[in-house]
Amino acid sequence: MNEPLKRVHVLHGPNLNMLGKREPHLYGSETLEEIVQSLVSLAGELNIHLTSFQSNHEGELVDDIHKLFEDGIDGVIINPGAYTHTSVAIRDALLILPCPIIEVHLSNIYKREPFRHKSMITDIATGQIAGLGPQGYGLAVKAMAVMLHDA
Ligand code: DQA
């Protein structure tokens, strides 16, 4: 019998809508749309329904996390952008979720300015992937698939 489709949501914080144009030496040349497209097809192969949301506004990200809770989402992958380093509100919202959470960063935040070394969510996330560019999201989807289908 086929396993029920698991639902995974990918959240992108501020400035990630500018991928492809924004500091390409750090963040690469792929656009967010291209990254999400390839994640949707990868997820399909792994029996996962993948949705995604990007916002430049902290409160909108918090609202989206609340919706995920109400919808009973199975897993969340999040790159909070600069809010990684500052947002108690996003941390508190994520703490409401009972599902696995994977934190992703395109760049290796530990090789960059000291203010980027601290993440507000690493200690509440299931795991973190940083510094592998867009393929970090793909690895997060694969890890999520293993966790959710083995659960
Ligand atoms: C980022 C790293 C953050 O420090 C930065 O503010 C971003 C992107 C990354 O994906 O490498 O916007 O989260």
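Looking at H25, H12, S52, which one has the Cα that reaches farthest to the positive end of the dipole of the stretch 6-150 (charges on Cβ: Lys, Arg +1; Asp, Glu -1)?
H25
What lysines sit close enough to K6 to cross-link, taking a C-alpha to C-alpha distance under 30 Å and skipping anything fewer than 8 places away on the same chain?
Answer for K6, where 30 Å is the Cα cut-off: K67, K142, listed by chain and number.
With a 1.4 Å probe and all protein chains kept in place, how do S41, S107 rank by accessible area, largest first? Show your work: numbers first, answer last.
Numbers: S41 70, S107 10 Å².
Descending accessible area places them as S41, S107.
Quick one: 3J(HN,Hα) in Hz for the stretch 26-36, Karplus 6.51/-1.76/1.60 with θ = phi - 60°, rounded, Gly and Pro as x.
So the Karplus estimates, Gly and Pro as x, are 9, 10, x, 9, 6, 7, 4, 4, 5, 4, 5 Hz.
For the stretch 1-109, which trypsin sites (Lys or Arg not before Pro) are in a loop by DSSP, counting at most 16 other Cβ atoms within 10 Å? Before the final figure, lay out the partial values.
Details: sites: K6, R7, K21, R22, K67, R91; in loops: K21, R22.
In loop regions of the stretch 1-109 (DSSP not H, G, I, E or B), the sparsely surrounded trypsin sites (Lys or Arg not before Pro) are K21, R22.
Measuring from label point to label point, each 7 Å out along Cα→Cβ, what is the L46 to D150 span in nm?
Those two pseudo-labels are separated by 1.3 nm.
In terms of modelled amide H atoms, which long-range or inter-chain residues lie less than 5 Å from the amide H of Q54?
Result for Q54 returns H12.
Quick one: if you take sqrt(5λ) for each eigenvalue of the C-alpha gyration tensor of the chain, what semi-axes come out, biggest first, whole angstrom? Please list the in-between numbers first.
Values: eigenvalues 106, 66, 39 Å².
Computed over the chain, the values are 23, 18, 14 Å.
Under the definition of Cα pairs under 8 Å and six or more residues apart, what whole-number percent is the relative contact order of the stretch 6-150?
Numbers: 247 pairs, mean separation 40.1, N = 145.
Relative contact order, the stretch 6-150: 28 percent.
Would you please report the Å³ per residue occupied by the convex hull of the alpha carbon atoms in the stretch 19-59?
Working: hull volume 3.6 nm³, N = 41.
For the stretch 19-59, the hull spanned by Cα atoms encloses 88 Å³ per residue.
Which value, in debye to the nearest 20, gives the size of the charge dipole of the chain about its Cα centre, when Lys and Arg are +1 and Asp and Glu are -1 at the Cβ?
Numbers: 11 positive and 18 negative charges, 97 e Å.
With Lys and Arg at +1 and Asp and Glu at -1, about 460 debye.
Ratio of the stretch 74-141's C-alpha Rg to 2.2 N^0.38 Å, to two decimals? Walk me through the numbers before you get to the answer.
Values: Rg = 11.3 Å, N = 68, 2.2 N^0.38 = 10.9 Å.
Scaled against compact globular proteins, the figure is 1.04.
Counting only protein heavy atoms, what percent of the accessible surface of the chain is carbon or sulfur at a 1.4 Å probe?
Values: 4200 of 7640 Å².
Carbon and sulfur atoms account for 55 percent of the accessible area of the chain.
Between I73, I129, I96, where does the largest GNM mean-square fluctuation fall for the chain, given springs only between Cα atoms within less than 10 Å?
Maximum among the listed residues: I96.
Can you list the aspartates and glutamates whose alpha carbon is less than 15 Å from that of K118, not counting same-chain residues fewer than 8 positions off?
E103
Among P24, P100, P14, which one shows the highest mean-square fluctuation when the chain is modelled as a Gaussian network with alpha-carbon springs under 10 Å?
P24
So what's the back-of-envelope 222 nm ellipticity for the chain, counting only DSSP H runs of four-plus at -39500 (n - 2.57) apiece and dividing by all residues, rounded to 500?
On the way: 5 runs with 57 residues, N = 151.
Per the formula, -11500 deg cm²/dmol.
The values are calculated or read from the model by the stated rules, or taken from the named source; none is laboratory data. Computed from a predicted model, the values in this text were never measured in an experiment. Counting neighbours? That spans all protein chains shown, and the Cβs are built from the backbone with ideal geometry, glycine included. Side chains are part of the model used for accessible areas, which takes the heavy atoms of the whole protein and leaves out ligands, DNA and RNA. Shrake-Rupley method; radii C 1.70, N 1.55, O 1.52, S 1.80 Å.
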